[in-house]
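The next block holds one structure in the form of structure tokens; read it before the comments.
The values are calculated or read from the model by the stated rules, or taken from the named source; none is laboratory data. Worth saying up front: this structure is predicted, and the values here are computed from it rather than measured. We place every Cβ from the backbone using ideal geometry, glycine too, and count neighbours over all the protein chains shown. The accessibility values were calculated without ligands, DNA or RNA, using every heavy atom of the protein model including side chains. Shrake-Rupley method; radii C 1.70, N 1.55, O 1.52, S 1.80 Å.
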Amino acid sequence: MSDSNTTHFNNPSTFILLGIPGLEADHIWISIPFCTMYTIAVLGNFTILFIVKMEQSLHGPMYYFLCMLAVTDLVVSTSTLPKMLSIFWFNSREISFSSCLTQMYVLLCFSAMESGILVAMALDRYVAICHPLRHSSILTNSVVAKIGLAVVLRSGIFALPYPFLARGWPYCRTNIIPHTYCGHIAVVKLACADIRISSYYGLFDLFSEIGMDVFFITVSYTLILRAIFRLPTKDARLKTFGTCISHLCAILALYTPDFFSSLTHRFGHNVPLHFLVLIANVYLLVPPLLHPIIYGVRTKQIRGRLLRLFTPKGT
């Protein structure tokens with residue numbers, strides 16, 4: 001006997017994004033730090049792209065990878081923040097089914113891309129420290145382009161099943177998503193079907209992409225540290241390790257919020273929903289915000305170019 005109070009529809013025309021459930025009255029105030037962080041992230045990443053383009057001395061593998069990271073950071077933050085701010089400021093909560101799935105795909109694809117680019121940067125650090133005389137011959141422009149293409153293809157292909165699986169589920173009872181954006185789990189939880197295949201694929205993807213990325217980064221830094229400890233003097237060891245600090249900070253900026261967000265979603269059953277949504281949004285904003293700051297502060301060439309840009313020529 002069917003439940004007459006339940007409405008089933010395979011493809012709802014729209015979803016309703018609630019924003020941050022339970023904190024609707026504070027949306028305007030919450031928007032201020034998010035808008036500030038987004039503005040800094042956009043300006044910072046565009047500044048990185050501009051400086052690398054203009055400064056001939058920065059046309060090398062590490063800075064090409066940094067530009068790729070800046071582009072992915074811009075896409076990740078821009079795919080969610082404008083819609084989030086429209087919810088906070090104008091109560092514009094509707095999002096079409098197709099747009100929701102597109103946002104889901106873009107987020108999953110480019111978030112994985114960030115991780116892949118950090119692996120490429122770890123490879124650059126490994127070659128620069130362990131094979132310094134062969135660095136320019138190993139990481140040529142064509143090799144850098146092929147690595148970038150491999151990262152893009154891997155992320156794009158692995159993210160494809162998510163929206164296709166989500167499109168295939170029947171949805172029922174409600175089209176209200178208690179979130180600020182169309183996250184994969186937030187959407188498929190609305191389906192009135194057994195969604196274990198989506199959950200299993202999510203775990204497979206997590207271990208296949210992020211798990212392998214963390215493994216390769218760990219192997220790279222194990223070899224890097226072994227090479228550093230073989231250097232004859234303490235000053236040489238510190239100077240060489242100093243070239244890795246920016247990359248290590250970028251790794252922490254990406255994986256720490258991700259790790260914390262994953263833990264709270266999987267094991268924080270008693271954690272308030274609004275806290276989980278806030279953490280998920282912070283995770284999307286922190287890496288794009290911190291990456292240009294880290295490289296701007298830590299990288300001498302970028303810092304020098306920035307100072308020349310904002311210092312009057314007569315001084």
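Using the Karplus curve 6.51 cos²θ - 1.76 cosθ + 1.60 with θ = phi - 60°, work out ³J(HN,Hα) for each residue of the range 124-129 in order, rounded to whole Hz, and write x for Gly and Pro.
Calculated HN-Hα couplings, in order: 4, 5, 4, 5, 5, 8 Hz.
Please give, to one decimal in nm, the separation of the simple spin-label points placed at SER57 and ILE176, each 7 Å out from Cα toward the Cβ.
Taking the two extended label points, one gets 5.9 nm.
Can you work out ³J(HN,Hα) from phi for every residue in the range 131-137, in order, using Karplus 6.51 cos²θ - 1.76 cosθ + 1.60 and θ = phi - 60°, giving whole Hz and x for Gly and Pro?
Per residue, the Karplus-derived 3J(HN,Hα) values read 9, x, 6, 10, 4, 6, 7 Hz.
With charges only on Cβ, +1 for K and R and -1 for D and E, what is the dipole size of the chain about its Cα centre, in debye, rounded to 20? Each step should come with its number before you reach the end.
Values: 23 positive and 14 negative charges, 261 e Å.
So the magnitude is around 1260 debye.
Taking H placed 1.01 Å from N in the peptide plane, check which residues at least 5 places from ILE177 or on another chain put their amide H under 5 Å from its amide H.
ILE16, LEU17, LEU18
Among GLY116, GLY211, LEU231, pick out the residue whose Cα is farthest towards the positive end of the charge dipole of the chain, where Lys and Arg carry +1 and Asp and Glu carry -1 on C-beta, about the Cα centre.
LEU231
Could you calculate the FRET efficiency of PHE241 with PHE46 from 1/(1 + (r/R0)^6), where r is the beta carbon distance between them and R0 is 25 Å, rounded to 0.05? Walk me through the numbers on the way to the answer.
Values: r = 30 Å, r/R0 = 1.21.
Once the sixth-power term is evaluated, E becomes 0.25.
Considering only protein heavy atoms, what per residue accessible area in square angstrom results for the range 21-129 with a 1.4 angstrom probe?
Numbers: 4280 Å² over 109 residues.
With the other protein chains kept in place, the range 21-129 gives 39 Å² per residue.
What distance in nm separates the simple spin-label points at ARG303 and LYS234, each placed 7 Å from Cα in the Cβ direction?
Going from the ARG303 label point to the LYS234 one covers 2.2 nm.
Tell me which of ALA128, VAL271, HIS179 sits at the most positive position along the dipole axis of the chain, charges placed on C-beta atoms (Lys, Arg +1; Asp, Glu -1).
Of the candidates, ALA128 comes out farthest on the positive side.
Got a sec? What order do ASP235, ASP258, ASP26, ASP73 fall in by accessible area at 1.4 Å, biggest, i.e. largest, first?
Working: ASP235 115, ASP258 35, ASP26 70, ASP73 0 Å².
Output order, biggest surface exposure first: ASP235, ASP26, ASP258, ASP73.
For THR36 paired with SER96, estimate the spin-label separation in nm (one decimal), with each label point 7 Å from Cα along the Cα-to-Cβ line.
3.6 nm
Pick out, in residue order, every one of the trypsin sites (Lys or Arg not before Pro) in the range 170-221 that is DSSP loop and has at most 16 other C-beta atoms within 10 Å; say none if there are none.
Working: sites: ARG173, LYS189, ARG196; in loops: ARG173, LYS189.
Listed in order of number, the matching sites are ARG173, LYS189.
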